[in-house]
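Please treat every number below as a calculation from the coordinates, not as lab data. Since we're looking at a predicted model, the values are computed, not measured. Glycine also receives a Cβ, built like all others from the backbone with ideal geometry; neighbour counts cover every protein chain displayed.
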Amino acid sequence: MSVVTELLAVLSYCKQLEEVAWLCVCCSGFCIEIGSALTVLVASNVGVPISTTHCKVGSVVFVGRFRARENVDWSIFRNIVIAWLVTLPISGGISAAIMSGLRLAV
C-alpha cells in the first residue's frame, strides 16, 4: 500500500514540477543532484528520517529560485508543501483503519 502511495505522490510531484517554467541546464542539474545528495547524507548521518523525493523537489525549486526569482511559480510549490503536510495524517489514518479492521477480523 505504501509503495502505491509513494508512486502516486511522485507522479503528482512530477506533474506539478512540469508546470514550473525554467530552463534547467547541465550546471543546474549538477547542483540539483549534489544538493539533494548532500542533504540525504547529512540527514542520514544525524539520524533524521528524510524523503529523497522531498530533497529532490526542494533542490529543483531552490536552484530555480537562485537562477532567477521569476523562474519559480510559488503557488505550485505551495501546493506541493500542502500535499506533503496532508500526506502524513492521511496515511496514518488509513493505516490505523486497516489495523483496526485486521484486529476485528483476527
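At 0.36 nm per residue, minus the direct Cα-Cα distance, what do R78 and S51 gain on full extension? Give it in nm, one decimal, please.
8.0 nm
Answer rounded, prolate or oblate for segment 26-106, using the Cα gyration tensor with square roots of eigenvalues a ≥ b ≥ c: rounded when a/c is under 1.5, else prolate when a/b is larger than b/c, else oblate.
Since a/c reaches 1.5 but b/c is at least a/b, the shape of segment 26-106 is classed as oblate.
Rank L102, V86, N71 by how far each Cα sits towards the positive end of the charge dipole of segment 53-106 (+1 on Lys, Arg Cβ; -1 on Asp, Glu Cβ) and give me just the farthest.
Working it through, the farthest residue towards the positive pole turns out to be N71.
Applying 1/(1 + (r/R0)^6) with R0 = 30 Å to the Cβ-Cβ distance of M99 and E33, what FRET efficiency is obtained, to the nearest 0.05?
Result of the calculation: an efficiency of 0.20.
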